[in-house]
Amino acid sequence: ILNVEQSPQSLHVQEGDSTNFTCSFPSSNFYALHWYRWETAKSPEALFVMTLNGDEKKKGRISATLNTKEGYSYLYIKGSQPEDSATYLCASLQGGSARQLTFGSGTQLTVLP
Amino acid sequence: NAGVTQTPKFQVLKTGQSMTLQCAQDMNHEYMSWYRQDPGMGLRLIHYSVGAGITDQGEVPNGYNVSRSTTEDFPLRLLSAAPSQTSVYFCASSPSGRTEQYFGPGTRLTVT
């Protein structure tokens, strides 16, 4: 069982603030790193899938970076809005068969108006 | 496309009962998986399948069976329900395990 850890567990920010979260994963046998956004009472939705060391991806005000050598990924949200309030999950795909996705427990973001 | 569908949305079982959670996708995805979500524990993989006729265990497979007779369907069977199986169950599919997953709406199961 892989150890995928996310920090912080929860975060409250004011509208307009920028924020970031961390996902750490084992660097050995790495294949891909996923980020998902999960709103209350809905299903997780994919934000990014990254595979290469140094990858950076962006979708609107949200971006992510990947460091596979040291085993971490950052998710950034610029100018947070109340609609960004959600739980952000990362998941790591590792191993020779690269078939099992292991999720972290998530960072719960609340953006206060 | 309906995407990933799950039935039922809610279910209450008594300890010892069996039932099947249904999952179907219409995107011709090869990879399908079942997760359970418990407070403070994120999503944990129960079973997954890389194609019709092929299934494998995830992190928490005990008490659950799966089969994949078609590309579209991936049912999850609870053999003898226990209170520890009270959870929200999500089915997901993707073109492969290496690409983003599409999640169904979830099934909230309570075992009394």
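Worth pointing out:
- With contacts taken as Cα pairs under 8 Å and at least 6 residues apart, chain B reaches a relative contact order of 36 percent.
- The alpha carbon centroids of the stretch A:24-91 and the stretch B:23-48 are separated by 19 Å.
- Above 25 Å, the calculated P(r) of chain A contains 17 percent of its Cα-Cα pairs.
- Neighbourhood charge, 12 Å Cβ-Cβ cut-off, centred on B:Ser93 and excluding it, Lys, Arg +1 and Asp, Glu -1: -4
- Neighbourhood net charge (11 Å Cβ-Cβ; Lys/Arg +1, Asp/Glu -1) for A:Leu89: 0
- Counts of other chain beta carbons within 10 angstrom of each beta carbon in peptide B:37-46 average 5.
- If the convex hull is drawn through the Cα atoms of the protein assembly as shown, its volume per residue in Å³: 117 Å³
- Phi angles across the stretch B:89-95 convert, under the Karplus curve 6.51 cos²θ - 1.76 cosθ + 1.60 with θ = phi - 60°, into 3J(HN,Hα) values of 10, 10, 9, 9, 9, 7, x Hz, Gly and Pro given as x.
- Size check on chain B: the Cα extents along the three principal axes, sorted descending, read 36, 27, 25 Å.
- Over 13 Å [Cα-Cα, the stretch A:20-76], rounded percent: 58 percent
- Straight-distance candidates among the lysines for linking to A:Lys78, with alpha-carbon spacing under 16 Å and chain neighbours fewer than 8 residues away dropped: A:Lys57, A:Lys58, A:Lys59.
Throughout, read-outs are computed from the coordinates displayed, never taken from laboratory work. Because the structure is a prediction, the values reported are computed rather than measured. As a convention, Cβ positions derive from the backbone with ideal geometry for all residues, glycine included, and neighbour counts pool all protein chains shown.
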